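The values are calculated or read from the model by the stated rules, or taken from the named source; none is laboratory data. Quantities reported herein were computed from a predicted structural model and do not represent experimental measurements. Virtual Cβ from ideal backbone geometry, glycine too; neighbours counted across all protein chains shown.
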Amino acid sequence: MTLPEIDQDYLIEFLTRLLNTPSPTGFTEKAISLVEKELSAYPMLQLTRTRKGALVAVLPGKEEAPWHALTAHVDTLGAMVKEIKSNGRLKLTAIGGFAWNTVEGEGCRVFTSKGESVRGSLLLHKASTHVYGASVREDKRDDDAMEVRLDARTSSVDETRALGIEIGDFVAFDPRVEVTNGFVRSRHLDDKACVACLVAAIQAMTQAGLQPAYTTVFHFSNYEEVGHGAAAGIPEAVSELISVDMAAVGDGQNSDEFHSSLCVKDSGGPYHHGLSQRMRSLAESHGIAYKVDIYPHYGSDGEAFWRAGGDVAVALIGPGVDASHNYERTHTEALLATTQWVLAYLLEE
């Protein structure tokens, strides 16, 4: 069967909106709400929230059983305020697995418990070469060395607290989204790129007047970066799960920015061989550009569901993303290939 046409402009436009919506793990309500509002345009979708805040959308299929599911996550790397320093600046604790040097010099926003926000930037405490000399190059970038310099007149604990900032406030780093020559360059393509692919697939299928072969659950998780995103919220009726998450690009990897990838093994071990083979066959039968890869320093929401006792087959696909957990980049070709692969899976008889 011919796959429905994907609205590429819509995919990129929605992805840009989602990337510009701050959502570090634990502070994802606005991003979940954005996806929920987008999907509310399709009355055939049954939308619910889990108690931990994930969004679950059920789309009835031609066949009620067995149920299938796909999952992608809206939460991103970020930080929280760990300490207000005597100089009025902030010491942070990281959310998720990233290194401070990847966001050194980046703009950020501190979200106060009263619903306000304060701009700032993350810097090495000894940031000035003219003052500290070689220390700027040589000092280790760790929790104690880094601080947020607030864009406010503050030089003490009391002055910073007067801004409404307290311990436990969330900090989001600027995504700096740019779309050029087919590339999408931004922080947090992991995994907002895949959320956009799922939403674009739903749009393409429904606008073509099609429905999935089987009742399908779309699970948009909000705790993946800390390891338990899809541990709950996937209905018991589901028999197989496709985790849609970015593919790691770098030395020794087969993935690149122009293909979607099938991950057959990561830090948690092999994925379900039979389901992975089906995904290969679907890609080949529809002429979808894909690669196969293994990610040694990687985990997914599919594995989170397995560890929570989920008795399902799991496979993992996603667009190639360069510099993951850094200033990331992918290409429109990889996004379209992933969306096509999702459509092929949804419509598979």
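Data for the structure
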quantity	calculated
Set 105, 97, 115: member being under 17 Å from the mean Cα position of the chain (by Cα), part of a loop (DSSP other than H, G, I, E, B) and surrounded by fewer than 18 Cβ atoms within 10 Å (Cβ to Cβ)	97
Qualifying residue in the range 240-248 (condition: among the charged types (D, E, K, R), in the same structural domain as residue 316 (by TED's automatic domain parsing) and part of a helix (DSSP H, G or I))	no
Residues (among the hydrophobic types (A, V, I, L, M, F, W, C) and either outside the structural domain of residue 32 (by TED's automatic domain parsing) or over 24 Å from the mean Cα position of the chain (by Cα) (or both)) located in the range 50-66	65
Every residue from the range 304-331 that is touching a strand residue (DSSP E or B) at 6+ places or on another chain (Cβ under 7 Å) and part of a helix (DSSP H, G or I)	305, 306
Filter result for the condition that a residue is within 22 Å of residue 303 (Cβ to Cβ) and of a type in the set (D, E, K, R), over 75, 9	75
Filter result (touching a residue at least 60 places away in the same chain (Cβ under 8 Å), of a type outside the set (Asp, Glu) and either in a helix (DSSP H, G or I) or surrounded by fewer than 21 Cβ atoms within 10 Å (Cβ to Cβ) (or both)) within the range 279-303	279, 282, 283, 286, 299, 302
Selection count where residues are within 15 Å of residue 120 (Cα to Cα) and either in contact with a Leu (Cβ under 8 Å, 6 or more places away or on another chain) or in a strand (DSSP E or B) (or both), scope the range 163-183	7
Where residue 84 falls short, out of the listed (1) among the β-branched types (Val, Ile, Thr); (2) within 21 Å of residue 198 (Cβ to Cβ); (3) surrounded by 15 or more Cβ atoms within 10 Å (Cβ to Cβ)	(2)
Flag if residue 102 is outside the structural domain of residue 234 (by TED's automatic domain parsing), over 30 Å from residue 209 (Cα atoms) and touching a His at 6+ places or on another chain (Cβ under 7 Å)	yes
Odd one out for residue 15, checked against (1) crowded, with 20+ Cβ neighbours inside 10 Å; (2) touching an Asp or Glu at 6+ places or on another chain (Cβ under 8 Å)	(2)
Answer from 310, 320, 302, 269 - the residue that is at positive phi and in the same structural domain as residue 59 (by TED's automatic domain parsing)	269
Matching option when the condition is assigned to a helix (DSSP H, G or I) and in contact (Cβ under 8 Å) with a residue 60 or more places away in the chain, among 160, 216	160
Residue within the range 268-290 that is among the charged types (D, E, K, R), at pLDDT 95 or above and under 21 Å from the mean Cα position of the chain (by Cα) present	no
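Listed here are the residues, each with its yes/no results for (1) touching a residue at least 40 places away in the same chain (Cβ under 8 Å); (2) within 17 Å of residue 172 (Cα to Cα); (3) small (Gly, Ala, Ser).
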{"position": "61", "(1), (2), (3)": "yes, no, yes"}
{"position": "77", "(1), (2), (3)": "yes, yes, no"}
{"position": "82", "(1), (2), (3)": "yes, yes, no"}
{"position": "87", "(1), (2), (3)": "yes, no, no"}
{"position": "94", "(1), (2), (3)": "yes, yes, yes"}
{"position": "99", "(1), (2), (3)": "yes, yes, yes"}
{"position": "106", "(1), (2), (3)": "yes, yes, no"}
{"position": "110", "(1), (2), (3)": "yes, yes, no"}
